[in-house]
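Structure record follows, encoded as structure tokens.
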Amino acid sequence: MLDRIEEGSVRLLGSNSGGSSESRWVDGSEVDWDEDPPWSTKSKGGDGREGYGSIRRRLVKKPKRVDSFDVEAMEISAAHDQHSKDLSLWSTIALAFQTLGVVYGDMGTSPLYVFADVFSKVPINSDDDVLGALSLVMYTIALIPLAKYVFIVLKANDNGEGGTFALYSLICRYANVNLLPNRQQADEQISSFRLKLPTPELQRALKIKETLEKTSILKNVLLVLVLIGTSMIIGDGILTPAISVMSAISGLQDQIDGFGTSEVVSISIVVLVALFNIQRFGTAKVGFMFAPVLALWFFSLGSIGLYNMLKYDITVVRALNPAYIYYFFKNNGKRAWSALGGCVLCITGAEAMFADLGHFTVPSIQIAFTFVVFPCLLLAYMGQAAFLMKNPALYSSVFYKSVPESLFWPVFVIATLGAMIASQAMISATFSCVKQSMALGCFPRLKIIHTSKKFMGQIYVPVINWFLMIMCIIVVYIFKSTTDIANAYGIAEVGVMMVSTTLVTLVMLLVWQTNLFLAFSFLLVFGSVELIYMSSVLSKIFEGGWLPLAFATFFLSVMYTWNYGSVLKYRREVREKISMDLMLDLSSNLGTVRVPGIGLLYNELVQGIPSIFLQFLLNLPALHSTIVFVCIKYVPIPVVPQEERFLFRRVCPKDYHMFRCVARYGYKDSRKEDHRAFEQLLIESLEKFLRKEALEAALEDIDDLDSVSADTRISDLTPDTAVDELKIPLMHGQNLEETGTSSSREASLTVLPSSYMSMEEDPSLEYELSALREAMDSGFTYLLGHGDVRAKKDSFFFKKLMINYFYAFLRKNCRGGTANMKVPHTNIIQVGMTYMV
């Protein structure tokens, strides 16, 4: 059911790693307390006896704690772990086979147009020109996709999730750089954080963390950088299908008389419509359907390349000598620099290896590239170079001209299918990026369909799919030429790579705590190469290069506006929280009639009582006997374990029967619980919470245990029982005495009061449980607040424009809360409220 209540979830509850100087917890018994824990309210009474805080500290097992200043920038243990993606060897190989159909189609079809674009800018005057271009292509592939992505960037995954937002989420866990202040200390105790003890590089990591947290400009710069990278990936999702399909279909121009540009455009549009219509079947089905075709395509590339090398000139292997790159620039000067824009097309789709990681695993992507894609691409380019050394005038259609005539039609069919598949890589990457940005509060809510029960990352976003299709058709119809599209394509591709390089460097320094020399070597080597390529492709800005910049500007505006408006609304709600004094003045009946039933009030606040609650009090003639404030919150990790998903705490005194439930999700988690199952789970979990709370109350009565062996009882409690917030997972079914030995249980039971040993007989507990069951029998009602956000009258013009028009338009047209619910509408009560921000 929770996946249908999105009005108060995806919109605002982005990942804030915010926090503060509060402590974090680490595994390991080598760390001990040096002082009172932060939740200890130790005090001395007038008689000299220690207060409740001291008793609690002795009764609770000494937490394995490191001071917050020592662990805020800790490394994620097993940061490159894949969680549930631990597969057998054969499963990994099968998944690697699938990656051919989803991840590598784009890079695999680049031989269709790379040399044609390069030599349209540099004439072939000698063999050195061909060898120089070949050497550039070979070392570009070896340096960027192989060295950078396969061996480094893929390891910067966020528990199996890739892309710019995954890197941003990883950074958010170690520095308070997110603009949404909904971080809780309990979030840091989720096992997925996997904290380690300090490393020698900790001091530097802490300085970076403090600088990021104290400088609001840097926070905004980091966010904008991530949004630019995401916008570029979406732009790639538009340009990749256009250039790949047109390049494949254009092969018919030399084969069929009278087959001109208009025919190429028409057939390309038909193919694109078919491609986007099969996306709804899901990545797995598309991957299995396309993988055999791509496997045959790579086999054809390698075989034809080897054939051409043997037939025309085997000496093209001389291009392994990088000196030919120097000769290429020496002989051609500025034209060689301009040709870099064509050369960079050989690595189009490299970012898809990282962005599509959520659909697969790191080993599967590494195996496929290292043993299939990389060698086949090298053979293909060397074969084309060998052909051009003998036939330099045929550079414009070098791919099809170098194919043996008897194999033209089979290769054409495979190339056309391969071009369709090439588009799949960036389409899947676009879906992943949109899902992540929605979860982190940077994209309007859209319908997301999970197409695989086995892999949560395999999704389909209908609105984005049809948007990409329409834009692809427009691009093909307007440009009508792969050359102009190639100019646009290069800017988008290199832009994404530069963003990834910057973020991975920050991850190295802040999260991995890599040696300073290695981190800056990574930035210097790959950043310099990408900067050189960017300088070349930007020179084509008036020849089609403006297109990806226009796409990026549009999506950047949408995402930043949504994030800006969401943050302002959340901060307004925090400021307008209902004070506890007012609640106490209303007394337990809340100034109205309390009738049997359970009211689930959805809101964004993780603490406090939302102001919308007053609207319900003013507009409803009666209120339910039990109120639960439900907050659906995303935390900056891919997946939250089910047993750690929910937090519960009491709001107001016991006789108010009001509680808060925080449901925590990672940005990869799917929320598809049936509302009846959720209601049952809520009641069961609430009962567990009440019993554990009764245990806490019993422990507070123990004031004379200073001289007993309290340590025997310590292991039965956890530091999650903090006074400030009862961080008790709703679904945590473990017995509190599970970890203790039988002897420790016996020893502890001899000194605990009867209210602990037989809580079932506690009258107050039994009364509350019976009241809860009576309320459940009367049914559940979902209380939803519909918030209208408006800028204050004295706000500056730009803010009014963004909030009153752009943000309001996005909120009006995005997926609303009631539209997403699987709850009967008779069980829903909605109240409106205007937030002046």
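The values are calculated or read from the model by the stated rules, or taken from the named source; none is laboratory data. Bear in mind the structure is a predicted one, so any value in this text is a computation, not a measurement. Reconstructed Cβ throughout: ideal geometry from the backbone, glycine too, with neighbour counts over all protein chains shown. Remember, those area values only see protein heavy atoms, side chains included, never the ligands or the DNA or RNA. Shrake-Rupley method; radii C 1.70, N 1.55, O 1.52, S 1.80 Å.
For this structure, a couple of remarks:
- Placing a pseudo-label 7 Å from each Cα along the Cα-to-Cβ vector at F281 and T592 gives an inter-label distance of 5.2 nm.
- In this structure, Q607 and W90 have a Cβ-Cβ separation that, at R0 = 35 Å, corresponds to a calculated FRET efficiency of about 0.10.
- Stretch gain in nm, segment F151-E696, where the contour uses 0.36 nm per residue and the Cα spacing is subtracted: 191.2 nm
- On the beta carbon distance between Q680 and N125, with R0 = 60 Å, the FRET formula returns roughly 0.20.
- Carbon/sulfur fraction of accessible area - the stretch 451-524, other protein chains in place, 1.4 Å, %: 75
- Working ranking of peptides 662-669, 443-450 by packing, defined as the average number of other Cβ atoms within 10 Å per residue, highest first, is 662-669, 443-450.
- Euclidean distance of C-alpha centroids, the stretch 545-601 and the stretch 322-353, integer Å: 50
- By definition, a body whose alpha carbon gyration tensor gives a ≥ b ≥ c is prolate when a/c is 1.5 or more and a/b is larger than b/c, and the stretch 365-453 fits this prolate description.
- Take the stretch 325-473 with all the other protein chains still there, run a 1.4 Å probe, and you get 31 Å² of accessible area per residue.
- Compared with the alpha-carbon gap, the fully stretched path from H825 to L801 is longer by 5.2 nm at 0.36 nm per residue.
- On the basis of the beta-carbon distance and an R0 of 30 Å, F371 and K447 show a calculated FRET efficiency of 0.20.
- Taking 0.36 nm per residue of sequence separation and removing the Cα-Cα distance, the R335/Q255 pair yields an extension gain of 25.7 nm.
- Sequence ranges 331-339, 823-831, ranked by mean other-Cβ count within 10 angstrom, highest first: 331-339, 823-831
- In terms of its C-alpha gyration tensor, the stretch 561-664 comes out oblate, because a/c is 1.5 or above while a/b does not outweigh b/c.
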